[in-house]
Every structure is written in C-alpha cells, then in structure tokens.
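Each reported figure results from applying straightforward, stated rules to the coordinates on display, with no laboratory input. Everything numeric here is computed off the predicted structure, so don't read it as measured data. Note that we place each Cβ from the backbone using ideal geometry, even for glycine, and neighbour counts take in every protein chain shown.
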Amino acid sequence: MIEIFLKTLPFFALIGLGFGAGRSGFFPPAATAYLTKFVFYFALSAMLFGFAANLTFAELLDWRAAGAYLWACAIVYILVMVVAFLRRAKLDEATIEAHCSIIGNTGFLGVPMLVVLLGEASVRTVLLVLTIDLIVFSSLFTVLITLARGGVVDRALPWRLLVAVARNPMVVAMALGLGWSATGWVLPVPANDFLSLLGLAATPCALFAIGASLADKKVERLAVVSWLSFGKLVLHPLAVAFAALVLFRVDPFTAGVLIAAAALPVAGNVFILAQHYQTGPARVSATILVSTVFSIATVPVVIAWVSSF
C-alpha cells in the first residue's frame, strides 16, 4: 500500500505544484488556458494517437468490459439524479450532478497515470473508458440538457452531437490512430519519434494544468459537493467493481483497470459544460477541487486493491 502511494505521489505532487503556481499568481488563468489547450490539442492527442496506432478496433471494443462499465455508470447516474430530484432540483441541475458522479479525469490524469502504474496492457481499457465517456455520456448529457431547456429533441440534434464528437481532438486522435493501425503500416521512424517526443510532454503538462486550473476554485454548498465527491470516488468504482467482477465476469486485469479508471476524480470538462449551459458551475467547480484533493488518499487504495488481481 505504501509502495503504491509513493508511486502515485509524484503525479499528485505535480498537480500540487500547478495549484501553487496558480494560487500565487505566478501562473495566471490565461497561462493555464493556453497550457490546457497545448495538452488537449497537441501533447495528449499525440500520446493517444500513438497508443491507438498500436491497437486494433477489436482490441479496443471489449463488449463485456463496455457492458460492465455502462451498467455501473447508468446505476450511479440514476441514483444521483434521484437524490437531486428529492432535493427538488431541476432536470438540468440533476443532469450536471449525475455527470459529476461518473465522468472522471481519464484524459488528463488517467491516461498518463494508469498506464504507468498498471502497465502498457491497461491502455486499451483506459481508452475504452475514455471513448465511452466522450461519446456516450457527452451525448446523453446534451440530450437531457436540451430536454430540460427546450422540452423537445429536434431532428438536427443527432447531427449536432456528431459534429461535437468530431471536433474533440482526443476522439479524432484515437480514431486516426485506429485507422492507421487498420492499414497494417508501420509508422515511419521520424514520425514515431516526433509523436513520442510530443507525447512525453502530456503527463507533466496535463498534471500541472489540472493543479493550476483548481487554483481559483472555491467550495460552496459543502453538503452537495461532499455527496457528489463521495459518489465519484466511492460509489462509482464500487458499482464498476460489482458489474465487472460479479455481473459481467470481466477478466480480472481488465476489471481492475475499469475500477481504477472509475476511481479518478471529476474531470475538468464537466465544469466547461456546466459553465457553457450555466448549470451549477460553482457546484461543479467545488466538486472537482474536493474530489481531486481526496483522490490523493482514495486512488492509491483502489490501485493497491486492483493490483492484487
């Protein structure tokens, strides 16, 4: 357990370094925005392309693992929405809270950290989780918000969803990587070296950007924020564990990666959605901060557990 904690400590130390730089004003919000853009569009995309280029679509799409993850997410999503409705929250508020409970920081934190801690074999499962989060649940969120705001899902919505997915550089990078893999061609050495060099920047820059982006976050509505953080850090991985190990009988290693991915703190892009739709941005912002802080203790516990598989 101590060994796992020490292995995760450098990752969270980088987040802390970014937080300190942002909090002190040395790294202003504008700098954080541009660093995040660099990671999102360049470094992380290069890393994801490299990973996907070494996989096949059949390897990525593990139906049993996908089914377990979707089942668990659906259960937690519904539970959090029901609790929100019991507090007399509106549909848009309940939707963003449910989104907080299942969308982990798989891109910026999960990809670099889990691959290092759980090995290269974890790549396909981490990418599967990322794909489901970016495509399935982003689409569900848009549909529910559209219903909450307008009451009608028009014919143009599927096209808008498709365009939104196609504009996400992480999805594009994975799709292009899988496309290259399908050709059977080997990446030219200069191209592979370029992608590797650029991808190496993803881990430190992404972690630093996470910390810097948390610097201006404030904790409001502590009871709700604590509940949502508990849902993400505890209920979500427990639900995934039950689905993967008991209901769907996923192989132990893949199940462990699914559980570890589910244990990650709330993703920053949930705040972007909350801010865009003006649906509880302060609540989401605080949940990202609180879940990230507590994940320093919870993530090593989960990874130590699944490593025993």
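Take the alpha carbon gyration tensor of region 176-309, find the square roots of its eigenvalues, order them as a ≥ b ≥ c, and report rounded if a/c is under 1.5; if not, report prolate when a/b exceeds b/c, else oblate.
Numbers: a/c = 2.13, a/b = 1.28, b/c = 1.66.
Cα axes put region 176-309 in the oblate bin.
Normalised by the number of residues in the chain, what is the relative contact order in percent for Cα pairs under 8 Å and 6+ residues apart?
Taking the mean separation of contacting Cα pairs over the length of the chain, I get 35 percent.
For region 303-308, in order, what is each residue's ³J(HN,Hα) by Karplus, 6.51 cos²θ - 1.76 cosθ + 1.60 with θ = phi - 60°, in whole Hz (x at glycine and Pro)?
5, 4, 5, 6, 5, 6
If you place +1 on the Cβ of every Lys and Arg, -1 on the Cβ of every Asp and Glu, and leave all else neutral, what size is the dipole of the chain about its Cα centre, to the nearest 20 Debye?
For this selection, approximately 740 debye.
For the chain, what log10 I(q)/I(0) values come out of the Debye formula at q = 0.11 1/Å, with one point per alpha carbon and no solvent?
-0.65
May I ask for the Kirkwood hydrodynamic radius of region 1-130, worked out over all distinct Cα pairs and given in angstroms to one decimal? Kindly include the intermediate steps, with their values, before the conclusion.
On the way: mean 1/r = 0.0573 Å⁻¹.
Result for region 1-130, one decimal place: 17.5 Å.
Among MET174, MET47, MET81, which comes first, second and so on when ranked by fewest other beta-carbon atoms within 10 Å?
MET81, MET174, MET47
Can you give the extra length, in nm with one decimal, that the chain gains between ASP251 and LEU238 once fully stretched, where that is 0.36 nm per residue apart less the Cα-Cα distance?
Numbers: separation 13, 0.36 × 13 = 4.68 nm, distance 1.66 nm.
Full-extension gain reported as 3.0 nm.
Apply the Karplus curve 6.51 cos²θ - 1.76 cosθ + 1.60, θ = phi - 60°, to the phi angles in region 237-253 and return the couplings in whole Hz, x for Gly and Pro.
x, 5, 5, 5, 4, 4, 5, 6, 8, 9, 7, 9, 6, 5, 4, x, 5
Using a Förster distance of 35 Å, how high is the FRET efficiency between LEU147 and PHE230, based on the Cβ-Cβ distance and rounded to 0.05?
That pair, LEU147 with PHE230, gives E of 0.80.
Given points 7 Å out from each Cα along the Cα-Cβ axis, report the GLN275 to ASN192 separation in nanometres with one decimal.
4.0 nm
On a full-extension model of 0.36 nm per residue, what is the gain between VAL163 and ILE2, subtracting their alpha-carbon distance, rounded to one decimal in nm?
On the way: separation 161, 0.36 × 161 = 57.96 nm, distance 4.52 nm.
Length difference between fully extended and current span is 53.4 nm.
Where the only charges are on Cβ atoms (+1 Lys, Arg; -1 Asp, Glu), what is the dipole of region 201-309 about its Cα centre, to the nearest 20 debye? Show your work: numbers first, answer last.
Values: 6 positive and 3 negative charges, 37 e Å.
Computed charge dipole of region 201-309: roughly 180 debye.
What order do you get for PHE40, PHE51, PHE57 when you list them from fewest to most C-beta neighbours inside 10 Å? Display every interim value, and only then the final one.
Working: PHE40 19, PHE51 22, PHE57 12.
Neighbour counts put them in this order, fewest first: PHE57, PHE40, PHE51.
Just the Cα atoms of region 239-281: what Rg and Dmax do they give in Å?
Computed over the Cα atoms of region 239-281, radius of gyration and Dmax are 14.9, 41 Å.
Could you give each residue of region 189-205 its phi-based ³J(HN,Hα) in whole Hz, using Karplus coefficients 6.51, -1.76, 1.60 with θ = phi - 60°, and x for Gly or Pro?
Couplings: 4, x, 5, 5, 5, 4, 5, 5, 5, 5, x, 4, 6, 5, 4, x, 5 Hz.
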